1. Leu17: touching a Leu at 6+ places or on another chain (Cβ under 7 Å) and among the hydrophobic types (A, V, I, L, M, F, W, C), yes or no?
2. For the range 43-61, which residues satisfy the criterion of being open to solvent by 60 Å² or more (accessible area, probe 1.4 Å) and either closer than 23 Å to Arg30 by Cα or touching a Cys at 6+ places or on another chain (Cβ under 8 Å) (or both)?
3. If I ask for residues that are exposed (fewer than 10 other Cβ atoms within 10 Å of the Cβ) and outside any helix (DSSP H, G or I), which ones from the range 30-42 would you list?
4. Only one residue in Lys61, Lys79, Lys56 is charged (D, E, K, R), at pLDDT below 95 and either on the phi < 0 side of the Ramachandran plot or under 14 Å from the mean Cα position of the chain (by Cα) (or both), so which one is that?
5. Consider Glu23 carefully, then state whether it is in contact (Cβ under 8 Å) with a residue 24 or more places away in the chain and open to solvent by 100 Å² or more (accessible area, probe 1.4 Å).
6. Conditions first: (1) in contact with a helix residue (DSSP H, G or I) (Cβ under 9 Å, 6 or more places away or on another chain); (2) under 17 Å from Ile84 (Cα atoms). His22 passes all but one, so which condition is the exception?
Amino acid sequence: MKHQHIEDLLDGLIEQLAAVEHERWSHWQRYLHSKGVRQPDGSLLLPADLVSRWEKQIDMKYAELEDQERESDREQVRKYLPLIASALADRDDCN
């Protein structure tokens with residue numbers, strides 16, 4: 001595949017992948033908000049154990065995560081793959 005064709009393919013995926021990313025982010029925010037306690041001013045108070053766990057994960061490299069945590073990341077990446085596979089198949093059909 002020539003460099004320009006790869007760039008065109010990727011450019012064509014940006015909006016579709018951005019939509020998947022927004023869904024991923026929205027899913028995380030719903031989860032995060034469900035763990036918090038709404039305060040009178042509208043802010044959320046998160047349990048200290050979850051904050052500690054998430055801060056530990058933030059500071060870890062992917063390879064250092066427990067397999068269950070890595071599988072959660074893999075699950076999110078799998079949501080992108082059908083779009084990429086479809087774009088590659090469409091590209092092959094055009095050649």
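1. Considered against the rule, which asks whether it is touching a Leu at 6+ places or on another chain (Cβ under 7 Å) and among the hydrophobic types (A, V, I, L, M, F, W, C), Leu17 comes out as yes.
2. Start the filter on the range 43-61 by keeping residues that are open to solvent by 60 Å² or more (accessible area, probe 1.4 Å), which leaves 45, 48-49, 52-53, 55-56, 58-59, 61.
Selection gives Leu45, Ala48, Asp49, Ser52, Arg53, Glu55, Lys56, Ile58, Asp59.
3. Across the range 30-42, the qualifying residues are Val37, Gln39, Pro40, Asp41, Gly42.
4. Details: Lys61 fails: at pLDDT below 95; Lys56 fails: at pLDDT below 95.
Residue meeting the stated conditions: Lys79.
5. Yes, satisfied.
6. (1)
The values are calculated or read from the model by the stated rules, or taken from the named source; none is laboratory data. Keep in mind it's a predicted model, so treat the numbers as computed, not measured. Heads up, the Cβs are rebuilt from the backbone with ideal geometry, glycines too, and the neighbour counts pull from every protein chain shown. Please note that ligands, DNA and RNA were not included when accessible areas were found on the heavy atoms of the full protein model with its side chains. Shrake-Rupley method; radii C 1.70, N 1.55, O 1.52, S 1.80 Å.
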